[in-house]
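Q: My structure is below; once you've seen it, I'll send some questions.
The values are calculated or read from the model by the stated rules, or taken from the named source; none is laboratory data. A quick note: this is a predicted structure, and the numbers were derived from the prediction, not measured. So basically every Cβ, Gly included, is an ideal-geometry build from the backbone, and we count neighbours across all protein chains shown.
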Amino acid sequence: MRGGTVSSNKRNNCLDRYDVAILSALATNTRLTTVELATMVHLSRTAVSRRIASLKRTGVLNQDAEVLNYESLGFNVRAVVEVSAPSRTAEGLRRDLLLRPEVLTVSVIAGDGLLCIDVIAIDTDHLHSFVRNLQNSGDTTTKIIFAEDKSQLTLIERMKLLSEQVGADLVRV
């Protein structure tokens, strides 16, 4: 970060503090209106709308403004890291991990103190450094994500299919 902007290595796209504030707000709640965002970031509604359109056009946000495209911001590696830590330290570790800029989510999964961490990194060296630091807390397993596809099923289609599969009445149409 230099001079209040975040620069992407892939393009000459620079995000200023307003763009970062908009992205931060949308990362926690994608349903915010432009009026709510404008109040939060101290811009006009029109300026926020223009910035969101630009972020979508450059690939930083998808068209639904739901998923941030971290690769377009220079985070070229995405991975899932599992760490098996003693249960007495897992909760503290979980809280600490959520403060790390590389960490998108931390899930507690079945197993004694097993945490599953969704991680972004600039490159494999950055990921390696992150994992090396985690190894002080417990055994780790790292899986790099090469591709990810999002299901296109609507909620109604999903519920109908599940109802048919399990024989439960999950949705009434």
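Q: Just to be sure before I move on: is ASP149 outside the structural domain of SER54 (by TED's automatic domain parsing), among the acidic types (Asp, Glu) and at pLDDT 90 or above in the structure I sent?
A: It is false that ASP149 is outside the structural domain of SER54 (by TED's automatic domain parsing), among the acidic types (Asp, Glu) and at pLDDT 90 or above.
Q: Scan ASP96, ASP125, ASP118 and give me the residue that is of a type outside the set (Val, Ile, Thr), modelled with pLDDT of 90 or more and in a strand (DSSP E or B).
A: After ruling out the rest, the residue left standing is ASP118.
Q: Okay, moving on. With respect to GLY74, determine if the residue is at positive phi and not hydroxyl-bearing (Ser, Thr, Tyr).
A: Yes; evaluated as a whole, the condition is true for this residue.
Q: Considering only residues that are under 15 Å from ARG31 (Cβ atoms) and modelled with pLDDT of 85 or more, which ones fall in the stretch 44-65?
A: Passing the criteria: VAL48, ILE52, LEU61.
Q: If I ask for residues that are in contact with a Leu (Cβ under 9 Å, 6 or more places away or on another chain) and over 14 Å from ASN69 (Cα atoms), which ones from the stretch 23-48 would you list?
A: ALA25, LEU32, LEU37, MET40, LEU43, ARG45, VAL48
Q: Tally the residues that are closer than 13 Å to ALA121 by Cα and touching a Ser or Thr at 6+ places or on another chain (Cβ under 8 Å), restricting the search to the stretch 52-103.
A: Adding up the residues that qualify gives 7.
Q: Among the residues of the stretch 59-66, is there at least one that is under 16 Å from VAL119 (Cβ atoms) and either surrounded by 15 or more Cβ atoms within 10 Å (Cβ to Cβ) or out of contact with any strand residue (DSSP E or B) (no Cβ under 7 Å at 6 or more places or on another chain) (or both)?
A: No, every residue in the stretch 59-66 fails to be under 16 Å from VAL119 (Cβ atoms) and either surrounded by 15 or more Cβ atoms within 10 Å (Cβ to Cβ) or out of contact with any strand residue (DSSP E or B) (no Cβ under 7 Å at 6 or more places or on another chain) (or both).
Q: Determine which member of the set PHE130, PHE75 is surrounded by 13 or more Cβ atoms within 10 Å (Cβ to Cβ), among the aromatic types (Phe, Trp, Tyr) and in a helix (DSSP H, G or I).
A: Of the residues listed, the single one that is surrounded by 13 or more Cβ atoms within 10 Å (Cβ to Cβ), among the aromatic types (Phe, Trp, Tyr) and in a helix (DSSP H, G or I) is PHE130.
Q: Let me ask something else about it. Taking THR141 as the residue in question, decide whether it is among the hydroxyl-bearing types (Ser, Thr, Tyr) and more than 26 Å from VAL20 (Cβ to Cβ).
A: Details: among the hydroxyl-bearing types (Ser, Thr, Tyr): yes; more than 26 Å from VAL20 (Cβ to Cβ): yes.
Criteria met by THR141.
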